[in-house]
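Participant: One structure is given below, represented as structure tokens, and several questions about it will come after.
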Amino acid sequence: NLPLDVLMAPKLLETVETMRCDAGAAVHSVSFELTETRPIEDFERVHPVIEALREAGYRLALDDVTQATPNLQELLALPFRAVKLDRSEVAGAAGDPDSVAFIREVVALAAPSRMAVIAEGVEDEPTLHAMHQLGVTHVQGYLLAHPLPPAELRPWLEAWPSNGLFPLYPV
């Protein structure tokens, strides 16, 4: 996670590149999520920083988007690869028309730039179905898996197509 002040730190890209290379990680395997702890006010200053990270090959997402997120249209115009819907909005899709309308709005705003829309906190099949119906492109949550230790990841991935969920909602 990158709060705005870290995102705007001088030499961020140089620092991140050094850390990534020291760790031996491939650039495409590193993702950053911008947390909205402090709203962006200067979009013209933020845009080139996000673009530079993206051009270097890093994946960037806007995290924890809710109806209360300020400047949503401007945020979604930035070159993120994904926007993550906060679990409160995802849970609200079961019975809150405002959450449903908000999720539809985010999906519509993300579509022109082919930005992925990720629903956080999917914990049951009705919520998974609702996200699919609303046009959400990806989901994460306990319905799919609980946090796994590294040794259990490969067996989980190998079992994934047969777990009954994958064929229902291809991304």
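Participant: Accessible area per residue of the chain at 1.4 Å probe, in Å²?
Facilitator: So the chain comes to 58 Å² accessible per residue, rounded to a whole number.
Participant: What's the carbon and sulfur percent of the chain's accessible surface, probe 1.4 angstrom, rounded to a whole number?
Facilitator: Of the solvent-accessible surface of the chain, carbon and sulfur hold 55 percent.
Participant: Which one of Leu72, Trp156, Leu62 is farthest out on the positive end of the charge dipole of the chain, using unit charges on Cβ (Lys, Arg +1; Asp, Glu -1) and the Cα centre as origin?
Facilitator: It is Trp156, whose Cα lies furthest towards the positive end.
Participant: Sticking with this structure for a sec: Multiplying the sequence separation of His28 and Leu144 by 0.36 nm and subtracting their Cα-Cα distance, what value in nm do you get?
Facilitator: Taking His28 through Leu144 to full extension adds about 39.5 nm, to one decimal.
The values are calculated or read from the model by the stated rules, or taken from the named source; none is laboratory data. It should be emphasised that the depicted structure is a prediction, and the values quoted were computed from it without experimental measurement. Note: ideal-geometry Cβ built from the backbone for every residue, glycine included; neighbour counts use all protein chains shown. Ligands, DNA and RNA are stripped out before the accessible areas are found, and what is left, the full protein with its side chains, is counted by its heavy atoms. Shrake-Rupley method; radii C 1.70, N 1.55, O 1.52, S 1.80 Å.
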